[in-house]
Amino acid sequence: MSTIIVGTPVIAGLGELFKAHGLSKKTVVLFDEHTRKLFGDNLLQTLHHEGFQLKELVVPAREASKSFSVAYRLYGSMIEADVDRSWNLLVVGGGVVGDLGGFIAASYFRGIPVIQLPTTLLAMTDSSIGGKVAINHPLGKNLIGFFHSPELVLIDPSYLASLPIREIYAGMAEVVKYGFIADEPLFNFLDLHFSDITSLKEPYLTEAVKKSAFIKDDVVKKDFRETNGLRATLNFGHTFAHGLEKLAEYRYLRHGEAVTIGMVCALFLSHNLGYLDRESLERGLSLLQKFRFPGGLVKRRFLSLDCDLLLESMFSDKKKLNKKLRFVLLRKIGEAFLLEADIDDQKVLQAIQDAMARFSQINQR
């Protein structure tokens, strides 16, 4: 399993760190265009100073980079540079480049080590941890991939100062998710310090990042290949969210924004099916109402959504099994479970309608 290191500056002493983990100093460094501009010079200078042999790769900073065509081009660059199994791959960026880099590392020479250096809140607390790596297909997101754990996950919360506030809120969706599914004290901490964390104030930011990262890592260790239902609880709100993302054509809606809406739906579904009491429902909704969405666009589009169309879109989600939707629900704050039983479509539609009614009360930024 991965070793997670949280600190500032996290890239100090990488040579010794790689050596301690049996990693060579022959490293492919994969950036997207934004992370290359923001962090590339400092990181590459540090690696050169510590005696690394490097091959630099850069991809466009967009979801379309998670594709066979981009991967194929990167394979070619690595082959031409004589990269072999003795090398490793250091991925610098958010979820897109993290997934793409992990996919390439898992498949190149039948697998080389990958090191994740996440630069977004969502990547630091979710996508860089756990070894699920994938590229997209026109018929669905993240459908083609591997389980390939990173050797190291290097997290530096100071990198988050480079992000626009919209990305901070999007990342907070995954942070809040951990409080809902596994840790009521974390939920209470986030409820109390939500504005401190979204303002990147310390020590609240690092505490939230650390707790989230280690909860994710603990769940993954107990159910790496999602065989006993525990890892599936990490998808709280995601069945709804992936349907929303597909309807948005993966463009105007950030993943974290879709997850925030999805968690509102999942809370109502948990309550309407009799698992979650009213007090816990309201506590959960109160925290989610602290999220802000940009310019009213997301809010207007969600409130004008055809609920039946969303339900249809959800059936393309990779979380379904045997053409049945699988929902992660709550028994209480801090305790989630995977419901494998059939749920009547009308119950799902009612949860979406309840969420739309409550979502209308969420403030715009």
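Computed from the coordinates by the stated procedures, all read-outs in this text should not be read as laboratory data. Since the structure is predicted, the reported quantities are computational estimates derived from the model, not experimental observations. A quick note on method: Cβ atoms are made from the backbone with ideal geometry, for glycine too, and the neighbour counts reach across all protein chains shown.
Would you give the gap between the C-alpha center of region 196-236 and the C-alpha center of region 1-61, rounded to a whole Å?
23 Å
Relative to the longest principal Cα axis of the chain, at what angle does helix 255-272 sit, 0 to 90 degrees, rounded to 10?
40 degrees
Which of 265, 307 comes first, and how do the rest follow, when ranked by fewest Cβ neighbours within 10 Å?
On the way: 265 27, 307 15.
Fewest-to-most Cβ neighbours within 10 Å comes out as 307, 265.
Find out how many positive minus negative residues lie around residue 225, taking Lys and Arg as positive, Asp and Glu as negative, among other residues whose Cβ is under 12 Å from that of residue 225.
Values: positive: 132, 221, 222, 231; negative: 223, 226.
Once positives and negatives cancel, what remains is +2.
For a footprinting-style exposure proxy, rank 193, 21 by other Cβ within 10 Å, fewest first. Kindly include the intermediate steps, with their values, before the conclusion.
Details: 193 17, 21 13.
Ordered from fewest to most neighbouring Cβ atoms within 10 Å, 193, 21 come out as 21, 193.
Rounded, prolate or oblate, given the Cα gyration tensor of region 148-296, with a/c below 1.5 counting as rounded?
Details: a/c = 1.24, a/b = 1.09, b/c = 1.14.
Note, shape of region 148-296 comes out rounded.
Measure nothing but the geometry: give the 0 to 90° angle between the long axis through the Cα atoms of 184-198 and the longest principal axis through the Cα atoms of the chain, rounded to 10°.
Taking Cα atoms only, the helix is inclined about 70 degrees.
Pick from 154, 17, 310 the residue whose mean-square fluctuation is largest in a GNM of the chain, springs joining Cα atoms under 10 Å.
17
Fewest Cβ neighbours within 10 Å first, please rank 178, 72, 159, 250 accordingly. All intermediate terms of the calculation are to be shown ahead of the outcome.
Numbers: 178 25, 72 10, 159 22, 250 17.
The fewest-first ordering by Cβ neighbours comes to 72, 250, 159, 178.
Rounded, prolate or oblate: which one fits region 27-92, using the alpha carbon gyration tensor with axes a ≥ b ≥ c (rounded when a/c is under 1.5, else prolate when a/b beats b/c, else oblate)? Could you put the intermediate results ahead of the total?
Working: a/c = 2.75, a/b = 1.17, b/c = 2.35.
Here region 27-92 falls in the oblate category.
Could you quote the convex hull projected area for the chain, Cα atoms only and averaged over all directions, in nm²?
Details: hull surface 66.7 nm².
Spelled out: convex hull of the Cα atoms, projected over all directions, averaged, 16.7 nm².
Give me the percent relative contact order of the chain, please, defined on Cα pairs under 8 angstrom at least 6 residues apart.
Values: 662 pairs, mean separation 53.8, N = 365.
Computed value for the chain: 15 percent relative contact order.
Can you flag which of 177/332; 246/290; 211/290; 26/210; 132/290 are past 23 Å Cα-Cα? Don't skip to the answer; put the middle values down first.
Working: 177/332 13 Å; 246/290 25 Å; 211/290 20 Å; 26/210 29 Å; 132/290 30 Å.
Listed pairs above 23 Å: 246/290; 26/210; 132/290.
Quickly work out the residue 49-to-residue 62 label distance, labels modelled 7 Å from Cα along the C-beta direction, and quote it in nm with one decimal.
In this crude label model, residue 62 to residue 49 measures out at 3.6 nm.
Using only Cα atoms, find the angle between the long axis of helix 278-288 and the longest principal axis of the chain, and express it within 0 to 90 degrees, rounded to the nearest 10.
40 degrees
What shape does region 217-280 take by its C-alpha gyration tensor, where a ≥ b ≥ c are the square roots of the eigenvalues and a/c under 1.5 counts as rounded, a/b above b/c as prolate, and the rest as oblate? Mind showing how you got there, number by number?
Details: a/c = 2.41, a/b = 1.10, b/c = 2.19.
Oblate shape, in that a/c is at least 1.5 and b/c is the bigger or equal ratio.
Starting with the highest mean, order 44-53, 326-335 by the number of other Cβ atoms within 10 Å, averaged over the residues of each peptide.
Answer by packing, highest mean first, reads 326-335, 44-53.
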